[in-house]
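Just below is one structure, and these are the notes that go with it.
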Amino acid sequence: QVQLVESGGGLVQAGGSLRLSCAASGSTVGPNVIGWYRQAPGKQRELVASVSRGGNTLYSESVKGRTTISRDNAKNTVYLEMGSVKPDDTAVYYCKFSGMFGDYWGQGTQVTVSS
């Protein structure tokens, strides 16, 4: 089992920035990928960005260039920093751990961007 604790989010003004953290604990040994996904009302959940244990990153086109995902393997923590946020970034953001024993999701954290 893997437990994920998300933090950050809340209300952000358009043009500002946000920072989310996801701390993983439990069976986190071995190769893994930790990603941030988001789901806006009435829309499907989509990948925002992900980072492997080795540091390989992947970004969605909608956030590329204004978003950085990073991880601290010693702390099993992944950080998502997004700048120039827009109302379209409003969503519930979820952390997902994919590893040797399967996929695990966090409980989600609400991000609301005000115009």
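The values are calculated or read from the model by the stated rules, or taken from the named source; none is laboratory data. Predicted model only: the values in this text are computed from it and were never measured. Don't worry about glycine lacking a Cβ; one is built from the backbone with ideal geometry, like all the others, and counts go over all protein chains shown. Heavy atoms of the whole protein, side chains included, go into the accessibility calculation; ligands, DNA and RNA do not. Shrake-Rupley method; radii C 1.70, N 1.55, O 1.52, S 1.80 Å.
Data table
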read-out: Cβ pairs under 6 Å, 6+ apart, first in region 61-79 and in contact (Cβ under 8 Å) with a residue 40 or more places away in the chain and among the aromatic types (F, W, Y), second assigned to a strand (DSSP E or B) and open to solvent by less than 50 Å² (accessible area, probe 1.4 Å); value: Y79/S21; Y79/S70
read-out: Output for region 30-46, where each listed residue is surrounded by 15 or more Cβ atoms within 10 Å (Cβ to Cβ) and in a strand (DSSP E or B); value: V33, I34, G35, W36, Y37, R38
read-out: Long-range neighbours under 9 Å by Cβ, at least six apart or interchain, first residue farther than 14 Å from W105 by Cβ within region 25-36, second open to solvent by 50 Å² or more (accessible area, probe 1.4 Å) and in a strand (DSSP E or B); value: S25/Q3; S25/V5
read-out: Some residue of region 101-108 being touching a Leu at 6+ places or on another chain (Cβ under 6 Å), open to solvent by 30 Å² or more (accessible area, probe 1.4 Å) and of a type in the set (S, T, N, Q); value: no
read-out: Selected residue (only one of S7, S84, S115 is open to solvent by 50 Å² or more (accessible area, probe 1.4 Å), touching a helix residue (DSSP H, G or I) at 6+ places or on another chain (Cβ under 8 Å) and not aliphatic (A, V, I, L, M)); value: S115
read-out: Matching option when the condition is of a type in the set (S, T, N, Q), surrounded by fewer than 19 Cβ atoms within 10 Å (Cβ to Cβ), in a strand (DSSP E or B) and under 14 Å from the mean Cα position of the chain (by Cα), among S70, S25; value: S70
read-out: Counted residues, region 1-22 - those being aliphatic (A, V, I, L, M) and not in a strand (DSSP E or B); value: 1
